[in-house]
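So the structure is just underneath, and the comments pick up after that.
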Amino acid sequence: MSLFNKKTAPDRGWYNFNLLWAGQTLSLLGSQFVVVGMPLLALQFAEASPSQAVLLPFMMYLPFLIIGLPVGAIVDRINIRRIMMFCDGVQTIIYLTIFFLSIFFKIKIYMLMGLVFLSGCANVFFQISYTSVLPIIFKDKAPLQKGNAKLCFSESMVNIVGPFLAGPLISLFGVTVAVAANSLSFLISLMTLGLIKAIDYKEDKSTFRHTSVSVFRAVLDDIIVGIRFVFGHEYLEPIFLCGAMYVLFLTTIDTSLVLYCKSVLGLSSYQIGLVVGAAAAGFPLGNILSSPIVNKLSFARTLVLGATISVCGLVFIPISGMYNSVIGIIIACVIHGFGEGVFNPVALTFRQKESPAKMLGRVNSVHRFLIWGAISVGSLINSIVIHFGGLKAALWIGGCGTLLCLIPLVRKGIKKDLLKTHSEALHEKK
């Protein structure tokens, strides 16, 4: 598939990357406003209960379970940049609608869930396209690790700065301003994508492997090919299953933490922003150290180390909550963030390098189906846990449950590499 000019010089690649980077950083900043603001908006304007409020992530990520796999096959056929621009436009309208409904009308929880579901549908197309675009910008794949590290680093910084800004913003101007800011961030992202130097997309007819069958059949065949490729791969399968198990239980913490800080610890919106923002402080440090750690330890050892550190931090969140220690929760989340910051860039770069260019969209769709679909399932489970056991039980189940992700990770190719001597692992990596 061709999106960017084949004669593009290296500086053109970095020009395109910097536009993508800037737009996504601002968009992620707006999304962080919603992370803090949306549960509070559901409680304040939609008069939802805590168990209903945590269903919003379920509706947001449910589309990944419904359309995630076919979208990957579709993305492999059509213009990625135009998909991303269209999705940003849809997101702008959706969050602007939520803002106006909250201000001028009495928004209902079912209306909020419906709009969030539509936002999730647009997010499916955008995220699968987004994770497929970097190997197109950098065709030689040499700058992939550097580009991925920059994207992960900026995401980590936004995870810190976003809640820090969201807390005071919500305290001063109200929770609806956070929604409006998110809408504006999507608009800016749309504009930066429009500035990317690209050529008109020419359909790669080789992706339609069976010209005599229907498009539906062709898409279905490509979905099966993508699934077989992932689950037949000795590294991708353990990494994907580890991520799905991890996210399933992590979601119970992520969707409960804001409500826990408000309802159990009695923190204000400003203080909640400080807690959630400070919790992400470990991400950038992990991102920065991920490449040196890979060079020192090897690929497999780095993944296992990052995952182990991350889940250990998550286990200490409910332990700190048991003593009502805000500082303890912050420290635990910093440890968790550091481990995830080490794991993510390494896993992403490996996925991009090991996946053939014409199959990358399908591989990414399988990844999003498993990982983001787990968010939807985890949110639904968490709603049930909160309804019957409360917010404290949700933190315990989430923290301890993430330990299970280490079981599917240490298998197949990862296990083989762990059993090799340190020098053998480093020699093969080079």
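The values are calculated or read from the model by the stated rules, or taken from the named source; none is laboratory data. Since this is a predicted model, take the numbers as computed values, not measurements. Neighbour counts are summed over all protein chains in view; Cβ atoms, including those assigned to glycine, are modelled from backbone coordinates with ideal geometry.
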Among residues belonging to region 385-408 that are without any contact (Cβ under 8 Å) to a residue 12 or more places away in the chain and hydrophobic (A, V, I, L, M, F, W, C), point out the one that is surrounded by the fewest Cβ atoms within 10 Å (Cβ to Cβ).
F388
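To keep it simple, each residue is scored yes or no on (1) modelled with pLDDT of 85 or more; (2) under 14 Å from V179 (Cα atoms); (3) crowded, with 21+ Cβ neighbours inside 10 Å; (4) basic (K, R).
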position: W14; (1), (2), (3), (4): no, no, no, no
position: F17; (1), (2), (3), (4): no, no, no, no
position: P39; (1), (2), (3), (4): no, yes, yes, no
position: S51; (1), (2), (3), (4): no, no, no, no
position: N79; (1), (2), (3), (4): no, no, no, no
position: I94; (1), (2), (3), (4): yes, yes, yes, no
position: F105; (1), (2), (3), (4): no, no, no, no
Could you grab the pairs with beta carbons closer than 9 Å, sequence gap of 6+ or different chains, first residue in region 28-56 and over 15 Å from L115 (Cα atoms) and of a type in the set (D, E), second one part of a helix (DSSP H, G or I) and at pLDDT 80 or above?
E47/I109
Do we have L360 as buried (at least 24 other Cβ atoms within 10 Å of the Cβ), in a helix (DSSP H, G or I) and over 20 Å from the mean Cα position of the chain (by Cα) here?
no
Taking I78 as meeting all but one of (1) part of a helix (DSSP H, G or I); (2) within 26 Å of I227 (Cβ to Cβ); (3) more than 17 Å from the chain's Cα centre (by Cα), write down the number of the exception.
(1)
Quick one: is K416 over 27 Å from G147 (Cα atoms) and in contact with a His (Cβ under 9 Å, 6 or more places away or on another chain)?
no
Condition met for F45 (at pLDDT 85 or above and within 30 Å of V276 (Cβ to Cβ))
no
Quickly run through region 353-386 and pick out the residues that are modelled with pLDDT under 85 and touching a Ser or Thr at 6+ places or on another chain (Cβ under 7 Å).
K358, L360, G361, V363, N364, I375, S379
Considering only region 89-115, state which residues are assigned to a loop (DSSP other than H, G, I, E, B) and in contact (Cβ under 8 Å) with a residue 40 or more places away in the chain.
K106, I107, K108
